[in-house]
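Asks: Pasting a structure here, questions to come.
The values are calculated or read from the model by the stated rules, or taken from the named source; none is laboratory data. The shown structure was predicted, so the numbers you read here are calculated from the model rather than taken from an experiment. Using ideal geometry, Cβ is built from the backbone for each residue, glycine included, and neighbour counts are taken over all protein chains shown. Note: accessible area is taken over every heavy atom of the protein model, side chains too, but ligands, DNA and RNA are not part of it. Shrake-Rupley method; radii C 1.70, N 1.55, O 1.52, S 1.80 Å.
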Amino acid sequence: MLLLVLFALLAGAATALSPCVLPVLPVALAGGATGGRRRPLGIVLGLTASFAFTVIALVYVIDALGLPDDLVRTVAIVTLIAFGVSLAVPSLAARIEAPLSRVGGRISPRVAEGDGFGSGLVLGAGLGVVYAPCAGPILAGVVTVTASQPLSAQRALVAVAYAVGSGAVLYGLMLGGRRLTRPLAHRAGAFQIATGAVMVLVGVAMLGDLDLRFQSALADRLPAALVTPTASLERTADDDISELRSTGGGPGFAANPARAQSGPELPVLGTAPGFAGGTRWFNSPPLTPASLRGRVVLVDMWTYSCINCLRTVPYLRAWHERYARAGLTIVGVHAPEFAFERSAGNVEDAIARERIRWPVVQDNDLAIWNAWGNQYWPTQYLVDARGRVRTVAIGEGDYAERERNIRALLAEAGRDDVAGGAPVRPRAERPGSHLITPESYLGAARAMSFDGDGVVRGPHDYPALPSASLPTSHLRFAGRWTVNQQRALAGTGAALQVGFRARKVFLVLSSPGRPRRVRVELDGTRLPDRLAGRDVRDGRLTVRADRLYRLVELPATGDGTLTLHPEPGVRAYAFTFG
């Protein structure tokens, strides 16, 4: 961990010297060159605190309030513009500076002696939010973990170290700029107005995303060593980042599924950990191992945008209907993969849509997932009436065997009347062949097999789609996309293409704020209704809810090239195939 903090400190310092900082640098230099001698210190402290909060803690705030991802950036840019206007109007600057200096005085009387500290804090706080996208893979890994796990001192320390590294370099640059502008002291008023105008111009450019386009252009034209000088450091830190993703020392029942075989006597794999750490329960009050003692419990680890999980639901429903009165309790543990799956409203909608009647606990912090040592969606743990884990079933299939194990444990608990009868045969989708296209993620963290420009983190204008079809299991972006760790956000002229071998094609999509449409083509022509999944009609898909959408349903497994033309604002997460 200490090594990772050191890497983060050095990576932050290197990032402050990379082209990524260029859109922010004029504002920092202009702010540091004017006002009291303590203003550069205020800017650095405000930037460090704001940056660390933005990349670590803010994911919780945005998720809890349901805010759009770009709202905070917009507020920060407006703050920068307002600060520039205040500099350009000296009388306004004096009015703003007075109360902010009193804030600095409350923090430290010595700081208040040199005016500018308070206003520097405000400017630095705005800069920290705007500067946050410069965070490299070290922080990207930390943020990805943070979005689905409780905030820990380790993750916070890495973010603070990165921010301190950047802040120290920027502080040196501001002090150097201040010395260079000292000869202009006799024209301080005119210089302050000019720097205010620079801030306003930069802020307006940022509102139009010109800074992001500038960064994208630099990334396309400069050598990688100049664009990402921290790359070698960050590759070295990969192992330490992986430690932050560890399951947290759970018993790991799923680590050796071969132990979980059916037979005359099922093995005892350990004591069931329970459901401590769940954030909300549906269809039931909170359940505990004590309250479930005497009942056989099937614990289903799932998430609602996972097609593999959804294909198991008909079997779970049938088992619930057949064996609940005989002593079986199914407990669904909803462990989110994507940020939108953390919404209680989305989970509640999915429970209603899939007609789930058994208890479900929301595991937004992955506390239950980690306590069980789970690794996969879906995984089912069968717990006997004494609270002991007896079998583990990973993925789909072998449903008759799973039902035999349920019956065996019910019989073991004294319910011999469930021993006979044919296994359930619900109407359910079957998984595809192992030879079909694998699951394909669109976020930068797990994207693979992308042609063209590949996957560029942040905003990028991708080249137009070529006339030739894509190779099987390859993907391509076209037009403007903004990619982060988990998803790709469609912009102007966006298109997405995938070459597939499958019978069915699914895609996880969301459209915050309002419904948006996606035009769907198969092999260069509008997808006909006879080959369309149930979410596509007349070659169009309307994205309303945050969920998995069914795009293509062929008569048999085949090859094809699927092209999507989404409206700006649609977010795409992952393709799956069946």
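Asks: Within a Cβ distance under 14 Å of MET448, other residues only, what is the Lys/Arg minus Asp/Glu net charge? Before the final figure, lay out the partial values.
Replies: Values: positive: ARG446, ARG476; negative: GLU439, ASP451.
Value of the local net charge: 0.
Asks: Please give the contour-minus-distance gain from ASP398 to ALA290: 0.36 nm per residue of separation, less the Cα-Cα distance, rounded to one decimal in nm.
Replies: On the way: separation 108, 0.36 × 108 = 38.88 nm, distance 2.99 nm.
Separation in residues times 0.36 nm, less the Cα-Cα distance, equals 35.9 nm.
Asks: Could you compute the FRET efficiency for VAL78 and ALA194, with r as their C-beta to C-beta distance and R0 at 22 Å, rounded to 0.05? Before the final figure, lay out the partial values.
Replies: Working: r = 21 Å, r/R0 = 0.96.
Approximately 0.55, to the nearest 0.05.
Asks: Which residue, VAL424, ASN370, LEU310, has the largest displacement toward the positive end of the dipole of region 307-427 when charges sit on each Cβ (Lys, Arg +1; Asp, Glu -1)?
Replies: Highest projection toward the positive end goes to VAL424.
Asks: If you don't mind, there's one more thing I want to ask. Net charge near GLN486, counting Lys/Arg +1 and Asp/Glu -1 over other residues with Cβ under 10 Å of its Cβ?
Replies: Local charge sum for GLN486: +2.
Asks: On to the next question. Once the piece of chain linking THR557 and ALA276 is laid out straight, how much longer is it, given 0.36 nm per residue of separation minus the C-alpha distance between them? Walk me through the numbers on the way to the answer.
Replies: Values: separation 281, 0.36 × 281 = 101.16 nm, distance 4.33 nm.
Once the chain is fully extended between THR557 and ALA276, it gains 96.8 nm.
Asks: Between the alpha-carbon centers of region 545-563 and region 507-526, tell me the distance in whole angstrom.
Replies: Here the two parts' Cα centres lie 12 Å apart.
Asks: Can you check what the net charge comes to around PHE275, using other residues whose Cβ is under 13 Å from the Cβ of PHE275 (Lys, Arg +1; Asp, Glu -1)? Please list the in-between numbers first.
Replies: Values: positive: ARG280; negative: ASP300, ASP363, ASP365.
Its environment carries a net charge of -2.
Asks: Moving on to the next point. If you average the sequence gap of Cα pairs under 8 Å that are 6 or more apart and divide by the length of region 399-515, what percent do you get for the contact order?
Replies: 21
Asks: Round to the nearest 0.05 the FRET efficiency obtained for ARG544 and SER467 when R0 = 41 Å and r is the Cβ-Cβ distance. Please list the in-between numbers first.
Replies: Details: r = 33 Å, r/R0 = 0.80.
Once the sixth-power term is evaluated, E becomes 0.80.
Asks: Now, a different point. Tell me, what is the per residue accessible area of region 339-428 in Å², probe radius 1.4 Å? Before the final figure, lay out each step's value.
Replies: On the way: 3750 Å² over 90 residues.
Accessible area per residue, region 339-428: 42 Å².
Asks: On each of the three principal axes of the Cα atoms of region 499-570, give max minus min coordinate, whole Å, ordered largest first.
Replies: 37, 21, 20
Asks: Tally up the carbon and sulfur contribution to the accessible surface of region 316-424 as a whole percent, 1.4 Å probe, everything protein left in place.
Replies: Values: 1810 of 3950 Å².
Reported share for carbon and sulfur atoms: 46 percent.
Asks: If you don't mind, there's one more thing I want to ask. How far is it, in nm, from the label point at ASP451 to the one at ALA352 when both lie 7 Å from their Cα along the line to the Cβ?
Replies: Those two pseudo-labels are separated by 4.3 nm.
Asks: Which FRET efficiency value, to the nearest 0.05, do you get for ARG517 and GLU265 by plugging their Cβ-Cβ distance into 1/(1 + (r/R0)^6) with R0 = 45 Å?
Replies: Working: r = 57 Å, r/R0 = 1.26.
For ARG517 and GLU265, the calculated efficiency is 0.20.
Asks: OK, next. Just want the answer: with Cβ charges of +1 for Lys and Arg and -1 for Asp and Glu, which residue in PHE506, ALA545, THR525 is farthest toward the dipole's positive end in region 499-558?
Replies: Final value for the positive-end residue is ALA545.
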